[in-house]
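Below: one structure, written as structure tokens.
The values are calculated or read from the model by the stated rules, or taken from the named source; none is laboratory data. All values reported here derive from a predicted model rather than from experimental measurement. Every residue, glycine among them, receives a Cβ derived from its backbone with ideal geometry; neighbour counts consider all protein chains shown. Note: areas computed on protein heavy atoms with side chains; ligands, DNA, RNA excluded. Shrake-Rupley method; radii C 1.70, N 1.55, O 1.52, S 1.80 Å.
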Amino acid sequence: MNNHKSEYGVIQTIRFMIRQAVKEAPAVLVWLVVDAILALILQLLELYVTPVLLRDIEEQIALKELVTTILFFSSGILLLTGLKEYINNATYQGKIEIRMSLCKAITEKIGATSYCNLGKKDFQEKKERTNQATSSNSSATEIIWIQLNQLVFCILGFLAYLFVMKRMNVLILAVTILAAVVSYLAAQRSVVWLQNNRAENDHARQCMWYLRGEAWSPVSAKDIRILHMKEWLLKTMKQNYEIFMHFERALGNHHFMADCVNIFSALIRNGVAYAYLIGQVLAGNMDAPQFILYFSAVSGFTSWVQGIMENVAQIRQSGVGISDVMELISYEEPYRFEDGEPLPKNAAGQYELRLENVSFRYPGASEDTLHNLNLTIQNGEKLAVVGRNGAGKSTLVKLLCGFFDPTDGCVLLNGEDIRKYNRKEYYRLFSAVFQDFSILPGTIAENVAQCVDEIDFSRVKAAVKDAGLEENIERLSEKYETKLGRKVHLDAYELSGGETQRLMLARALYRNAPVIVLDEPTAALDPIAESDLYERYHELTKGSTSIYVSHRLASTRFCDRIILIGAGGIAEMGTHEELMEAGKEYAWAAIPVDTKWEAGKKYVYRLNFANGAGYVDPEEDTNKGEQILDGEVKFDVEVTDWESHDYTGDMESGETTEDLDETDTEDPFGDE
């Protein structure tokens, strides 16, 4: 159940569902009313069968007539019961079709919504609630039809029984209605308690399901055994189980109290009804069949009143879930899609991207991730974006790709603000591979082409060949029709890490977009494998504008230009050689702290001093190097050993490493 305030009222949600039914399965609406009428007729037959038979017996009518009466009632009840069952079966599929049409609409909305919406808390909450409202036959978008059917049934029954009971004292009707209201309010009290207290229980239940899933997961199995996590899992599950059971016991107590009130109300109602009806019989105003009829009608009348109130409450509750669906489907789109301008025709395929005074701040953050950033990417340029984790590299890429709009400033395509264009068309300019890329539960060909229909197999094979994956695929029995994704296909092929990376490369090559973006898709690979893969991208995408994102600086040295993101902007910019010559943060980060390169007879070492890091670049037999602070040469240092260490104190010009105290020989260089 939900206890948030809905944007749509119960009448609006019912109208929405009726429009959906008219569109998807109009027969559901017809059968809903027909079923309610049949149910009422069935109820009336059951109400009258005993009094009528009792009257016939009292009047000692002929056996043939008695049998005829019995057959009339029994055949009528049997026929109506069969018709109701037929209607339930006939409408079952229609109800599912209506719910699934909403599931489809929700999926389309989530899949096409402005990317920035996906990170909004209220959007995520609506998405979670719509899942609850559409996930099963008992969810709001399907159970609503049963509730509406029961409401119509109860209203018709209330009116019919009111007509039957017109001869009874008004006081009896008042007591009957009052008893029904009291029982309803008692039941609602437990419902309100459930709404106000179920959050903690839901969390405990989710934790139990999560822990059970982890305990069963083959992925977690190794960690559970190696790290001796069994006791922790059991202890945590027990804690959440106790919270869950405490809630269930409290809920049971509330239900028990509601049942007690209901029994007490029924006792008063039946006592008053019995007293009145017995008095009427003793006074000679009512015979035995009438006594049975009216007493049954009193009980039934209470059920109709309670049924109306309960179904209205249930419809209101289901309306909350349906409102969630309506809110998500109609969620505001900050980006322009169909109403945006088409991209200008560009036969030459020349595109310049520019960020002009761009600042971006995530919702709820106190500071900008990027501030007043200016950057122009020329057509065909190979640009590397490097920097520490969290510096804003991926944010910059998302701004360029149009996933985010700047908080301030603008992103320009050939000098025009991208916000005026159809964002879907703008996305087609990019072929991107992100760190959290996806493997579709489909065939290899579908994963490369990123579609199911109209796959160009010649292009798929060419892309796979260029990506270096052809030999691996040709060895498979079904080749390009081999299925991937074992969560869907039990016979799916499991790609290795290297094969997955090459599949991503093939996907980018197949798309053949003007701008290639690689946002750290190789973060899980070792530095050498990443460098090799980036070089392969570079060779295969010549002529395209390419943006490479990495926190490993050595992987992007081939780029035309490198920008280092730091302090919310571009801290450094230039070619690899220019940035190394500058000797600032990029230069130090580019040299592994405990590694040396060999280039001919040239070796490079890095030394860390208390007053700054330095590197030694000796020529032939000269053990002279430079310590560089803040990009300037401060003094020469004499290196007396070729071991790499950290030293305390300030290195003074003319001193040697033997003059300093060594502090850490196990981990001499720390972080890059």
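What about residue 567, is it closer than 16 Å to residue 386 by Cα, out of contact with any Cys (no Cβ under 7 Å at 6 or more places or on another chain) and either modelled with pLDDT under 85 or open to solvent by 10 Å² or more (accessible area, probe 1.4 Å) (or both)?
Against the criterion (closer than 16 Å to residue 386 by Cα, out of contact with any Cys (no Cβ under 7 Å at 6 or more places or on another chain) and either modelled with pLDDT under 85 or open to solvent by 10 Å² or more (accessible area, probe 1.4 Å) (or both)), residue 567 qualifies.
Which residues, taken from region 65-91, are open to solvent by less than 40 Å² (accessible area, probe 1.4 Å) and closer than 21 Å to residue 22 by Cβ? Scanning region 65-91 gives 87, 91. All conditions but one from (1) assigned to a helix (DSSP H, G or I); (2) under 30 Å from residue 193 (Cα atoms); (3) open to solvent by less than 70 Å² (accessible area, probe 1.4 Å); (4) not charged (D, E, K, R) apply to residue 8; the one that does not is (1).
Against the criterion of being assigned to a helix (DSSP H, G or I), in contact (Cβ under 8 Å) with a residue 60 or more places away in the chain and either of a type in the set (Lys, Arg) or surrounded by 14 or more Cβ atoms within 10 Å (Cβ to Cβ) (or both), residue 220 does not qualify. Restricting 68, 13 to those that are out of contact with any Cys (no Cβ under 9 Å at 6 or more places or on another chain), free of Cβ contacts under 8 Å to residues at least 12 places away in the same chain and hydroxyl-bearing (Ser, Thr, Tyr) reduces the list to 68. Applying the condition of being open to solvent by 50 Å² or more (accessible area, probe 1.4 Å) and of a type in the set (Asp, Glu) to region 414-430 and asking which residue is nearest to residue 508 (Cα to Cα) yields 425. Which ones in region 402-423 are out of contact with any helix residue (DSSP H, G or I) (no Cβ under 8 Å at 6 or more places or on another chain), closer than 19 Å to residue 339 by Cα and not hydroxyl-bearing (Ser, Thr, Tyr)? Of everything in region 402-423, those that are out of contact with any helix residue (DSSP H, G or I) (no Cβ under 8 Å at 6 or more places or on another chain), closer than 19 Å to residue 339 by Cα and not hydroxyl-bearing (Ser, Thr, Tyr) turn out to be 416, 417, 419, 420, 422, 423. The set of residues from region 109-152 being among the charged types (D, E, K, R) and under 14 Å from residue 328 (Cβ atoms) comprises 109, 120, 121, 122, 125, 126, 127, 128, 129. Residues of region 510-533 that are at pLDDT below 85 and open to solvent by 20 Å² or more (accessible area, probe 1.4 Å): 512, 523, 524, 525, 526, 527, 528, 529, 531, 532. Of all residues in region 92-101, at least one satisfies being of a type in the set (Gly, Ala, Ser), part of a helix (DSSP H, G or I), under 16 Å from residue 321 (Cβ atoms) and open to solvent by less than 40 Å² (accessible area, probe 1.4 Å).
Beta carbons closer than 6 Å, at least 6 apart along the sequence or on distinct chains, pair a first residue in region 73-95 that is over 15 Å from residue 39 (Cα atoms) with a second that is modelled with pLDDT of 85 or more and among the charged types (D, E, K, R) for 95/142.
Restricted to region 449-482, and to residues there that are touching a Leu at 6+ places or on another chain (Cβ under 7 Å) and open to solvent by less than 40 Å² (accessible area, probe 1.4 Å), the residue that is farthest from residue 511 (Cα to Cα) is 482. Among residues that are charged (D, E, K, R), out of contact with any Asp or Glu (no Cβ under 9 Å at 6 or more places or on another chain) and crowded, with 17+ Cβ neighbours inside 10 Å, residue 142 is included. For region 163-193, a residue qualifies if it is open to solvent by less than 50 Å² (accessible area, probe 1.4 Å), under 13 Å from residue 297 (Cα atoms) and part of a helix (DSSP H, G or I), and the qualifying residues are 164, 165, 172, 173, 176. Restrict the check to region 265-278 and report whether at least one residue is open to solvent by 50 Å² or more (accessible area, probe 1.4 Å), more than 47 Å from the chain's Cα centre (by Cα), more than 17 Å from residue 153 (Cβ to Cβ) and of a type in the set (S, T, N, Q). No, because not a single residue in region 265-278 is open to solvent by 50 Å² or more (accessible area, probe 1.4 Å), more than 47 Å from the chain's Cα centre (by Cα), more than 17 Å from residue 153 (Cβ to Cβ) and of a type in the set (S, T, N, Q). Any idea which residue in region 307-340 is farthest from residue 182 (Cα to Cα), counting only those that are within 18 Å of the chain's Cα centre (by Cα) and open to solvent by 10 Å² or more (accessible area, probe 1.4 Å)? Checking each candidate, the answer is 333.
I'd like the residue in region 117-139 that is part of a helix (DSSP H, G or I) and open to solvent by less than 30 Å² (accessible area, probe 1.4 Å) and, out of all such residues, is nearest to residue 89 (Cα to Cα).
134
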